[in-house]
Amino acid sequence: MAASAEELQDADEAERADGAGPATSAGSDDRALVARTLAGDAPAFAALVRRYQERVFRFVLRLCGTRDEALDLTQETFMKAHQALPGWRPEAQFRTWLFSIAHNATLDVLRRRQLVVFVPLAEDSPDGPLARLPDPGAPPDERCGDRQRIALLDRALRELPAEQREILWLRELEDMSYGEIAATLGIAEGTVKSRLARARVAALAGYRRHTGEDR
């Protein structure tokens, strides 16, 4: 019998809970760096920037669509984070707080534009996680098949509503928990679960439609 959407979500959450150790360790390290920054240690904040700037940039790029604007927004995110750091609560995850700042800064730009666009996966940088999906050691025909599947997945994702693409990015690539996504986007955890479930179903349906598997 096929698993229900709720069962798949529960299993997904359990798997991520099993890997909570490294995330917790990173969170503790972040808190230590924040404490040092607030004590006047400038290199400590530089360490936080190095840790998160590429991830923030990729997240913002998916929303705004242009690299120059994404660079500006990434810089703005860290400037705002540095200014707001005295008000950061130690019990909160620094990563979640930082992505929330990036999310809000980007939405401000998009509202002014009255446009939401996403960069196709194919335009990702050569060293990005998606660009590394095809196995370079695989035979040429397999690599070609991988690239075709990625292109079709990209096409399916670009057809999703912006809110679904964003939530998939945070969950699948940033590996955020439901609670972290809720805090980042400013929505209820139940909304995260339902929106993510719809996004996964829609993405899979779109992929199958483009591959012809739903015929």
- [ ] State the number of residues belonging to the stretch 206-215 that are of a type outside the set (Ser, Thr, Tyr) and touching a residue at least 40 places away in the same chain (Cβ under 8 Å).
- [x] 3
- [ ] May I ask you to list pairs of residues, at least six apart or on different chains, whose Cβ atoms are under 9 Å apart, with the first in the stretch 74-102 being surrounded by 15 or more Cβ atoms within 10 Å (Cβ to Cβ) and the second being basic (Lys, Arg) and assigned to a loop (DSSP other than H, G, I, E, B)?
- [x] 97/89
Task: Members of the stretch 64-94 found to be part of a helix (DSSP H, G or I) and in contact with an Asp or Glu (Cβ under 7 Å, 6 or more places away or on another chain), listed by number - done: 94
TODO: For residues that are modelled with pLDDT of 90 or more and surrounded by 14 or more Cβ atoms within 10 Å (Cβ to Cβ), tally how many sit in the stretch 171-188.
DONE: 10
Task: Exclusive hit being under 22 Å from residue 49 (Cα atoms), of a type outside the set (S, T, N, Q) and modelled with pLDDT under 90, set 161, 129, 120 - done: 129
TODO: With respect to residue 168, determine if the residue is closer than 22 Å to residue 107 by Cα, at pLDDT 75 or above, in a helix (DSSP H, G or I) and touching a helix residue (DSSP H, G or I) at 6+ places or on another chain (Cβ under 9 Å).
DONE: yes
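The values are calculated or read from the model by the stated rules, or taken from the named source; none is laboratory data. Here the structure is a predicted model, which is why all the values come from computation and not from measurement. FYI the Cβ positions are ideal-geometry reconstructions off the backbone, even for glycines, and counts take in every protein chain you see.
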